[in-house]
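J.: Dropping the structure in here first, questions after.
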Amino acid sequence: MGDRDLELLEFHKIREILAGFTSFSASRDLALALVPLTDEEEVRLRLKQSTEARRLLSLSPDTHVGEVTDIREMVKMAALGKVLDPKSLLEIQKTLNAAHRLKSHLIGLSHELPLLSGLARGIVVLAQLVKDIDGCLSPTGDLLDTASPKLASVRHRMRVVRQEVLTHLQAIIASPRGRKIVQEPIITEREGRYVIPVKVESRRQIKGIVHDVSNTEATVFIEPWTTTDTQNELRELVAEEKQEIERILRTLSAEVGAFQNEIFQNIELVAEIDLALTKARYAREAKATEPIIVAAARSASAEGNEPGGVLRLVEARHPLLKKKAVPLSIEIGRHFSALVITGPNTGGKTVALKTIGLLSLMAQAGLPIPAQAESRIPVFDGVYADIGDEQSIEQTLSTFSWHMGNIVHIINNATAKSLVLLDELGTNTDPGEGSALGRAILLHFLSQGTMTVATSHYTELKALAHATDGMQNAALDVDPVSLAPTYHLTVGIPGGSNALATASRLGLPADIVAQARDMLSQSAQEIESLLTHLVTEQKNVESLRNDLEKELNEAERTSTDLKNRLRQLEEERRRIIKQTRDQIVHEAAELQTKIRETAAELRKEKSRERIEQAKKTLAEAQEQLNVGVWQAGPEVETDETETQPGPITIGDTVWLKEAGVPATLLSVFEERGLAEVQAGKVKMTLRLDGVEKRTSPAGEVKTGGALIRREMRKPRVCLELDLRGKRAEEVEPLLDGYLNEASLSGLSRVRIIHGFGTGTVRQIVREVLASHPLVTSFQPGEQGEGGDGVTMVSM
């Protein structure tokens, strides 16, 4: 892209605006150096970084790079051997710390921000350098005593010596003689040595070195000879301290210089990340988004099904006009490649031209543009503009000559992948010749396939755009009543210049305007009237189309809402059916449990009263199972399975007649006429005639693969039950089931193995045996049977 074209389209102002959002000088330099790129993949990458940065600011609006300074010049000097001062070292430390924090923050968001976190991964963590500076300097830049053992020793000795000097001087001042000779009872400092203020007339009464005299010459500042040796030592210690500080700063500076390449890399990466954040901050301010990037050539695009080479701007606004900008929507490159924009003076033609060109440059520079996200911009190999009036007196160039020089340059350089913008094509010369030149230039670019947008007032150019394939007219609208410009662009019709109306609106006397109107030919007036009528009709058609689109969208929304409501109702119906089935299964399980508990009571209690009470409870439970709620109603979906004749086997899908729900058969107790089934998460035992075999609609019997016990007429039960390793809550049901099976098998004596352990399992076992109706007696095992680790049970 040529610098002249960038300047004509005011791209430099965009860079300056962007620079205002940067956090430090290095990223500001990057913003000011931005140029449009011609590499399609690089442009996409820059825009994706901007998209990620906008995402980052949406997650954390206050995100910034931290206390970062461009320390590269300091580091460069350190690498050359210069000793850095403490302030510079602190800036280096703060910058490195900020870079490390930024890296950690972005890597923590690597799933959401892969590009920015990828940049952050390149930041080198210089933890030891940061630690060394931190260990030597205080936050205010003072060297700490801990910077080196020698510095700590020297400073300790300095404090001791200084205190000796001050104590000695204070003793002189406080003495009777001292009180007479001193001007003030204070200790002060001159030329780095401690002195006392002595009256000038008393200076002979104390031996010492005079270091200064007051302005009034009434006081002399004397260092007593008795403190000279001590103060000499103090001066030596100060010099030694200075040398040690110099050595420490030199060491830290050399360490900084050794990491010059790493620090330069860190600054560059932080600047690049801050530039992405700068784009995001600008986008938030300007309500901008990243456009879709397509190839400039008219071929199948990698993104979407639309052809490449199509420039589409939706609700685009000139970025320099801010809130005053009128949105512009336009598409070039699908049905036509050359667009002729006509309309009134001050109607916005040049602004429309600059908007198209400037937003194209911004997108190719990797910047978000103030337009809707569905906007598409090709990657042009050049954006060429002929806008404005740059006549040169020095070069004896007229306005027409300057424009022609520009156009010649554009013709010599533009290709089929370029964008050409021509403002007021063919003006500033004879209208007939200018119009002919304008038509010839447009036809040249059309034949070359160059995307071209031109503004003009010439009727001949409007006619050419109307009659030529690949060209199209567009108009900047005016208000049909007041003829004031609306700055709204309408593609498909030419616009009128409305020069007389514009002149009148700008204050030209009415009689002059009327005289000019009388001078117009009848045909010219008819054309202007026809154009005004066309604009009015176009607005009516546009309004009707918008109304129809709103009605269509409303109908589609209503249809979608109805479909969603039907889906919700269906899901609710299924949920209610499932909830009802689960409730039935749960209640049935509770009733079965109640029956079993009552049966157990019958076994335990032998009194007639208890037997009658148990029979009554059994009858009530049975009656509950027989009520209508347990019967399969029409609302229960039973058509998915069919009754299957023949015997049922373990693992089959069966139908619970009383509950009206499917279940899986776990066990069959033929001798007692019972079956154990599982419905959902609930297990229950019920009468064998209460279940029936079911199949799927295809006729295939559903079976399970689990190994489940089946009771035979002469079951074989082990003579012992091993409960070692079982949890406390598992012991009682396992023991109860085992005793039931042992009793059914006719065993008279069994052994329960519970081990020694903590004794918890043994205690639970013996508590259960003590109240179990099938147990007559139990006792610990003999020595040969396992001792107290087992319990022998008589059935």
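The values are calculated or read from the model by the stated rules, or taken from the named source; none is laboratory data. Since the model is a prediction, treat every value here as computed from it, not as a measurement. With ideal geometry, Cβ positions are generated from the backbone for all residues, glycine too; neighbour counts draw on all protein chains shown. For accessibility, only protein heavy atoms count, side chains too; no ligands or nucleic acids. Shrake-Rupley method; radii C 1.70, N 1.55, O 1.52, S 1.80 Å.
J.: Using the Karplus equation 6.51 cos²θ - 1.76 cosθ + 1.60 (θ = phi - 60°), what ³J(HN,Hα) coupling, rounded to whole Hz, does each residue of segment 566-575 give in order, writing x for Gly and Pro?
T.: Using θ = phi - 60°, the values come out as 4, 5, 5, 5, 5, 5, 5, 4, 5, 5 Hz.
J.: Can you compute log10 of I(q)/I(0) for segment 1-105 with the Debye formula, treating each Cα as one identical point scatterer, at q = 0.19, 0.24 Å⁻¹?
T.: Cα-only, vacuum Debye calculation for segment 1-105: -1.11, -1.31.
J.: Could you tell me what percent of the accessible area of segment 172-331 is made up of carbon and sulfur, with a 1.4 Å probe and every protein chain present?
T.: So the carbon and sulfur contribution to the accessible surface is 51 percent.
J.: Semi-axes, largest first, in whole Å: what does sqrt of 5 times each Cα gyration tensor eigenvalue give for segment 221-377?
T.: Equivalent ellipsoid semi-axes, largest first: 67, 21, 11 Å.
J.: May I pose another question? Using a 1.4 Å probe, how large is the accessible area of HIS444, given in Å² and rounded to the nearest 10?
T.: HIS444 exposes around 70 Å² with every protein chain in place.
J.: Please give the peptides 204-217, 726-739 ranked by average Cβ packing (other Cβ atoms within 10 Å per residue), highest first, as a rough proxy for protection.
T.: 726-739, 204-217
J.: Measuring from label point to label point, each 7 Å out along Cα→Cβ, what is the THR167 to ALA218 span in nm?
T.: For the pair THR167/ALA218, the computed spacing is 3.4 nm.
J.: May I ask for the distance between the Cα centers of segment 722-795 and segment 399-451, given as a whole number of Å?
T.: That distance is 106 Å.
J.: Dipole size in debye (nearest 20) for segment 143-237 around its Cα centre, Lys and Arg Cβ +1, Asp and Glu Cβ -1?
T.: Here segment 143-237 has a charge dipole of around 240 debye.
J.: If you don't mind, another one. At 1.4 Å probe size, what's the solvent-accessible area of THR415? Round to the nearest 10 Å².
T.: 50
J.: Once both labels are modelled 7 Å past Cα along the beta-carbon direction, what's the SER667-VAL210 spacing in nm?
T.: It works out to 12.0 nm between the two label points.
J.: How much length would be gained if the chain were fully extended between ARG4 and GLU201, taking 0.36 nm per residue of separation minus their Cα-Cα distance, in nm to one decimal?
T.: 62.6 nm
J.: Carbon and sulfur together cover what percent of the accessible area of segment 61-110 at a 1.4 Å probe radius?
T.: Whole-percent figure for carbon plus sulfur exposure: 52.
J.: For segment 738-783, just the Cα set please: Rg and Dmax, both in angstrom.
T.: 11.3, 33
J.: Hey, if we sort MET1, MET684 by accessible area with the 1.4 Å probe, largest down, what's the order?
T.: Sorted descending by solvent-accessible area, the residues read MET1, MET684.
J.: Can you give the direction-averaged projected area of the convex hull of the alpha-carbon atoms in segment 157-240, in nm²?
T.: Computed as one quarter of the Cα hull surface, the answer is 5.1 nm².
J.: Tabulate in residue order the Karplus-calculated ³J(HN,Hα) for segment 55-62, using 6.51 cos²θ - 1.76 cosθ + 1.60 with θ = phi - 60°, rounded to whole Hz; enter x for Gly and Pro.
T.: Couplings: 5, 4, 5, 5, 6, 9, x, 9 Hz.
J.: Where Lys and Arg each count +1 and Asp and Glu each count -1, what net charge lies around ILE222 among other residues with Cβ under 12 Å from its Cβ?
T.: With Lys, Arg at +1 and Asp, Glu at -1, the neighbours total +4.
J.: Counting only protein chains, not ligands or nucleic acids, how are GLU433, GLU554, GLU241 ordered by accessible area (probe 1.4 Å), most first?
T.: GLU433, GLU554, GLU241
J.: In whole Hz and in residue order, list the ³J(HN,Hα) couplings for segment 68-76 that follow from phi through the Karplus curve 6.51 cos²θ - 1.76 cosθ + 1.60, θ = phi - 60°; x for Gly and Pro.
T.: 9, 10, 6, 8, 4, 5, 4, 5, 4
J.: Here's something else I'd like to know. Within the set LYS82/LYS242; LYS82/LYS103; LYS13/LYS322; LYS13/LYS103, which residue pairs have Cα atoms separated by over 21 Å?
T.: LYS82/LYS103; LYS13/LYS103
J.: Would you please give the FRET efficiency between ARG334 and THR399, computed as 1/(1 + (r/R0)^6) with r the Cβ-Cβ distance and R0 = 35 Å, to the nearest 0.05?
T.: In this case the efficiency is close to 0.50.
J.: What is the count of Lys pairs in segment 117-240 whose alpha carbons sit under 26 Å apart, if the two are 8 or more places apart or on different chains?
T.: Value for segment 117-240: 4.
J.: All other residues with a Cβ under 15 Å from the Cβ of ALA147 taken together, and with Lys, Arg as +1 and Asp, Glu as -1, what is their net charge?
T.: With Lys, Arg at +1 and Asp, Glu at -1, the neighbours total -4.
J.: For segment 1-158, report the accessible area per residue in Å² (1.4 Å probe, heavy atoms, rounded to an integer).
T.: Per-residue value: 50 Å².
J.: Right, next: Which sequence of SER794, SER117 reflects their accessible areas, 1.4 Å probe, from the largest down?
T.: These residues rank, largest area first, as SER794, SER117.
J.: Can you compute the modelled spin-label distance between ALA463 and VAL314, with each label point 7 Å from Cα toward Cβ, in nm?
T.: 3.9
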